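Engineer: Questions regarding the structure given below will be posed in turn.
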Amino acid sequence: MAFDDPIVWVLIIAVVVFLFGANKIPQLAKAIGQAKREFDQASKDIKNPSASSPSTAPSTEWQGILAQPATPAQTTVTPSVTSVQLNDPLILAAQKEGIITEGKTRDQVATELAWKLKQQSSS
C-alpha cells in the first residue's frame with residue numbers, strides 16, 4: 001500500500017474529518033496558510049534586511065508625537081513594559097517611606113510598599 005494509491009488518500013481524509021470535524025477543517029487550512037505567509041515574509045526579511053516591512057515604520061500621526069521632547073510627566077523611572085511615572089501617587093508614597101523606586105516596575109514598588117506598611121503596622 002503506497003501513498004499514490006487513491007484509497008489511502010480517502011482513508012487519510014476520512015481520519016482527518018473524523019478527528020477534527022468538518023467545521024474545523026477550513027479554520028485549520030486558514031491557519032496553515034497564514035503561518036506559511038508569515039514564514040515566507042520572515043524568511044524574505046532575513047534574506048534582505050534593508051527592506052523593512054510597512055508595519056514597523058511609525059505612522060505619520062506618531063512621528064510628530066515621537067519628535068516632541070519628553071516632559072517631566074512623561075519621563076519614566078524604569079524602561080520596563082509598565083512604565084512608572086514620576087507623578088504617580090504610588091511612587092510618591094513609596095519614596096516618602098524611603099523605598100528606592102528607580103529601576104523597579106510599579107508592581108515591584110507596590111509589593112515593597114505593602115510589605116513595609118505591614119511591618120510598620122505590626123510593630
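The values are calculated or read from the model by the stated rules, or taken from the named source; none is laboratory data. Note that the coordinates shown come from a computational prediction; the quantities given were computed from them, not determined experimentally. Every residue, glycine among them, receives a Cβ derived from its backbone with ideal geometry; neighbour counts consider all protein chains shown.
Engineer: Checking E97 against (1) acidic (D, E); (2) more than 30 Å from Q120 (Cβ to Cβ); (3) at pLDDT 85 or above, which test does it fail?
Structural biologist: (2)
Engineer: Within the range 90-123, track down each residue that is in contact with a helix residue (DSSP H, G or I) (Cβ under 6 Å, 6 or more places away or on another chain) and of a type in the set (D, E).
Structural biologist: Within the range 90-123, just E97 meets the criteria.
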